[in-house]
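Take a look at the structure below.
The values are calculated or read from the model by the stated rules, or taken from the named source; none is laboratory data. Keep in mind the model is a prediction, meaning the values are calculated, not measured. Here the Cβ is made from the backbone with ideal geometry for all residues, glycine too, and neighbour counts use every protein chain on show. Side chains are part of the model used for accessible areas, which takes the heavy atoms of the whole protein and leaves out ligands, DNA and RNA. Shrake-Rupley method; radii C 1.70, N 1.55, O 1.52, S 1.80 Å.
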Amino acid sequence: GEIMRSILLHISSDDGMAGRLQVALDLAREYDGHVTCLQVVNLQLTLPSGFSVSASTEAMSHIKASADRLRTEMESRLSKEDVAWEWVFLQGLPEDRLIQRAIVNDIVMVGESEDTIGGIGASRLAGILATRSRTPVLVVPNKQRGIDVDAPVVVACRCALFARDGVTDHVTNRE
């Protein structure tokens, strides 16, 4: 395959993470690709008035500990896979960091509801990426547990013509 060599996978502790990882691994195997696992944590908390600095420190400590646990769990799984991968940890807003990193990747993978409350509603993150990034975005359903590379998918893209042509050529050549 000529496309999807570099896959940017958003790491988040949501219900669809395991399936999103599996889809990324399936695509990387099929296209001899590389998966960049991007974990973004926003440690700039805006706390309501009345919260003390110690409460803020405790909250940030909890967020960082949760992020570390997720990384340990994911790296353990990735170390057993036959796919090239790397882990990138950044602070900030997920949409900003994903857009910055998307520039050097062939596709960005996010979950369908990873930034919603209780997994209800459409992903705000997916919408932002689809409209602000020029890299194709694959939104993986929470219940997805892998991907059939010969099956149809919908890819959101505000891409340059060459990227759109690459996706089109790939689809055409697979038939």
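What tally of residues in the stretch 20-35 results from selecting those that are in contact with a strand residue (DSSP E or B) (Cβ under 6 Å, 6 or more places away or on another chain) and surrounded by fewer than 20 Cβ atoms within 10 Å (Cβ to Cβ)?
1
Go through the stretch 158-175 residue by residue and tally those that are open to solvent by 60 Å² or more (accessible area, probe 1.4 Å) and either of a type in the set (A, V, I, L, M, F, W, C) or at pLDDT 90 or above (or both).
Number satisfying all stated conditions: 3.
Pairs needed: first member in the stretch 134-151, in contact (Cβ under 8 Å) with a residue 60 or more places away in the chain; second member anywhere, among the charged types (D, E, K, R); C-beta distance under 6 Å; at least 6 residues apart or different chains.
Final answer for the pair search is 140/20; 141/112; 142/15; 142/112; 146/26; 147/26; 149/30.
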